[in-house]
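The structure appears below as structure tokens.
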Amino acid sequence: MLVSVDNVIADAIDGASADLRRLSLAIHDNPELVLKEEEACRVLVDYLESSGFKVERNVAGLSTAFISTYVSSAGAHGLNIGFCSEYDALPGIGHGCGHNLIAISGVAMFLATSRVMHKCRIPGTVKLFGTPAEEAIGGKITMLDHGVFDDRDLLMMLHPTPVYTGAWHSQCCLSMKIEYFGKASHAAMAPWDGINAGTAANIAMLTMGALREQLKPDWRTHGIITNGGQAANVIPEYSCIEYTIRTARASELHVLRERTMRVFEAAALATGCTHKVTEEYAYLDNMDNPVLGQLYEEIMESEYHLPPEQDIGGSTDFGNLSQKFISLHGLFSLTGSRVPNHTVEFAKDARSVEAHKWTLFAAKTGARIVARCLMDEEFWKQVKRAHDERQRGSGDRH
Ligand SMILES: [Zn+2]
Ligand SMILES: [Zn+2]
């Protein structure tokens, strides 16, 4: 039975390969930033509608979010499966995180699972969630807060990185905007009358750098100055920096947050500025499911012929979903190179024919795992048990 299901999945995904490649390139070649992914959303929605699926747009008040739904021809009274597609890009480097591939992997798993339900007469529903704004803000969190995932039994998504794993424990993160308010003055005529907000930003950056010596190896802090003043001959009255801090566990994030706040305050005190910290968004760590993850790694290893690697930094808004729902956030690698995400080189790799091949392979793997959940009651019980155990255990981690 499983062999024929594998064939149904392979046929569904390979049969759509040319369309998926077209969608992937359309998204890649027109990189759109957080919440501006209009064209990406449009090409995906057009494709799904032209393939006969119902699509709801403007989900959770997000104009670039959508939900496509398939109700099994065998009835809706089965498992409710959900896949996530991302499609936002990064400023300056386009699809350096390969979200064009995430977009089509979600579509591929959605098509394959719908086909499996129909062909094998399995009741249930499948939804493809078009989830914008992963690189900042966290579109999935807005959608989660609006309850759009509430009836799902299983959520899954895939992400390209330099490695593959089904057991990624992503970092929690908190992104902040820090503004300093000083007083403008002529930089040569009366600098002593000014209060230099640019200096406050510099002190904050330098002190955050010095703080690193006391941070744990898996903690991260990184920031940029987005406004350091307007003219060299004017003492800046305003400056702005943005910082993200990350830790392995939510409980540690509170500790790092406190220390970070003291640094930002110290820079204000040192310069006589006032300051304001705006906490913009926070992602929780990804809670992996060992049963789903192990099957993912077993199938992936048969093709990669390399062991999986879990130790990779980064954060995702899918982490917030994973804390609530049974889920798998599978990582897959593109070309065998070790180029990290968020680089121009990774953006180039994400456009390659090789990357397309690995994306379809990962999507087939994801669809095979879902099929197993749908058809093997004992396996599904193990998955649920593993999720319950992880949730109970997460009490000490959060
Ligand atoms: Zn990214
Ligand atoms: Zn990403």
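The values are calculated or read from the model by the stated rules, or taken from the named source; none is laboratory data. Remember, it's a predicted structure, so these values are computed and weren't measured experimentally. Cβ: placed from backbone, ideal geometry, glycine included. Neighbour counts: every protein chain shown. When the accessible area is computed, the model is the full protein with side chains, heavy atoms only, and any ligands, DNA or RNA have been set aside. Shrake-Rupley method; radii C 1.70, N 1.55, O 1.52, S 1.80 Å.
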Quiz item: Looking at the range 64-75, is at least one residue of a type in the set (Phe, Trp, Tyr) and within 16 Å of ligand 1 (Cβ to nearest atom)?
Solution: no
Exercise. Residues being open to solvent by 10 Å² or more (accessible area, probe 1.4 Å), in a loop (DSSP other than H, G, I, E, B) and over 30 Å from residue 121 (Cα atoms): count how many of those fall in the range 51-88.
Key: 2
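Return the residues of the range 30-50 that are among the acidic types (Asp, Glu), touching a residue at least 24 places away in the same chain (Cβ under 8 Å) and open to solvent by 70 Å² or more (accessible area, probe 1.4 Å); say none if nothing qualifies. Before you say what the answer is, go through the steps one by one.
Of all residues in the range 30-50, those among the acidic types (Asp, Glu) come to 32, 37-39, 46, 49.
Right, trim to touching a residue at least 24 places away in the same chain (Cβ under 8 Å) and you get 32, 37-38.
38 - this is the single residue of the range 30-50 that is among the acidic types (Asp, Glu), touching a residue at least 24 places away in the same chain (Cβ under 8 Å) and open to solvent by 70 Å² or more (accessible area, probe 1.4 Å).
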Practice problem: Only strands (runs of 3 or more DSSP E) wholly contained in the range 89-200 count here; list those with 1 or more residues that are among the β-branched types (Val, Ile, Thr), away from ligand 1 (no atom under 16 Å from the Cβ) and out of contact with any helix residue (DSSP H, G or I) (no Cβ under 8 Å at 6 or more places or on another chain). | Solution: 124-130
Quiz item: What is the one condition in (1) within 17 Å of residue 181 (Cβ to Cβ); (2) under 21 Å from the mean Cα position of the chain (by Cα); (3) of a type in the set (S, T, N, Q) that residue 247 does not satisfy?
Solution: (1)
Exercise. May I ask you to list the residues in the range 335-352 that are open to solvent by less than 30 Å² (accessible area, probe 1.4 Å) and of a type in the set (A, V, I, L, M)?
Key: 347, 350
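Within the range 258-277, can you find the residues that are open to solvent by less than 70 Å² (accessible area, probe 1.4 Å) and farther than 19 Å from residue 236 by Cβ? Outline the logic, then answer.
Just the residues of the range 258-277 that are open to solvent by less than 70 Å² (accessible area, probe 1.4 Å), to begin with: 259-261, 263-264, 266-268, 271-273, 275, 277.
If the condition is that a residue be open to solvent by less than 70 Å² (accessible area, probe 1.4 Å) and farther than 19 Å from residue 236 by Cβ, then 259, 260, 261, 263 are the ones that fit.
Restricting attention to the range 160-178, report how many residues are over 30 Å from residue 297 (Cα atoms) and open to solvent by 20 Å² or more (accessible area, probe 1.4 Å). Write out each step before concluding.
Step one: filter the range 160-178 for residues over 30 Å from residue 297 (Cα atoms), giving 175-178.
Applying the additional criterion that residues be open to solvent by 20 Å² or more (accessible area, probe 1.4 Å) yields 177.
Total satisfying the criteria: 1.
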Self-check item: Among (1) surrounded by fewer than 19 Cβ atoms within 10 Å (Cβ to Cβ); (2) part of a loop (DSSP other than H, G, I, E, B); (3) not assigned by TED's automatic domain parsing to the domain that holds residue 184; (4) not β-branched (Val, Ile, Thr), the one test that residue 294 misses
Solution: (2)
Quiz item: Do we have any residue at all in the range 312-320 that's open to solvent by 10 Å² or more (accessible area, probe 1.4 Å), among the polar types (S, T, N, Q) and away from ligand 2 (no atom under 16 Å from the Cβ)?
Solution: no
Quiz item: If you scan the range 97-146, which residues turn out to be surrounded by fewer than 24 Cβ atoms within 10 Å (Cβ to Cβ), within 15 Å of ligand 2 (Cβ to nearest atom) and not hydrophobic (A, V, I, L, M, F, W, C)?
Solution: 135
Quiz prompt | Of all residues in the range 226-256 being touching a strand residue (DSSP E or B) at 6+ places or on another chain (Cβ under 6 Å) and in a helix (DSSP H, G or I), the one that is surrounded by the fewest Cβ atoms within 10 Å (Cβ to Cβ) | solution = 250
Quiz prompt | Odd one out for residue 375 among (1) within 16 Å of ligand 1 (Cβ to nearest atom); (2) surrounded by 14 or more Cβ atoms within 10 Å (Cβ to Cβ) | solution = (1)
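Can you name the residue in the range 183-198 that is in contact (Cβ under 8 Å) with a residue 60 or more places away in the chain and open to solvent by 30 Å² or more (accessible area, probe 1.4 Å) and is also farthest from residue 385 (Cα to Cα) among such residues? Can you show your working first?
Here is the first cut: in the range 183-198, the residues in contact (Cβ under 8 Å) with a residue 60 or more places away in the chain are 195-197.
In the following step, the residues that additionally are open to solvent by 30 Å² or more (accessible area, probe 1.4 Å) were identified as 195-196.
Values: 195: 59, 196: 57 Å.
It comes out as 195.
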Self-check item: All positions within the range 98-140 that are of a type outside the set (D, E, K, R) and farther than 28 Å from residue 33 by Cα
Solution: 112, 113, 114, 116, 117, 118, 120, 122, 123, 124, 125
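Does residue 223 satisfy the condition of being surrounded by 15 or more Cβ atoms within 10 Å (Cβ to Cβ), closer than 30 Å to residue 333 by Cα and not assigned by TED's automatic domain parsing to the domain that holds residue 179?
Working: surrounded by 15 or more Cβ atoms within 10 Å (Cβ to Cβ): yes; closer than 30 Å to residue 333 by Cα: yes; not assigned by TED's automatic domain parsing to the domain that holds residue 179: no.
Judged against the criteria, residue 223 is not a match.
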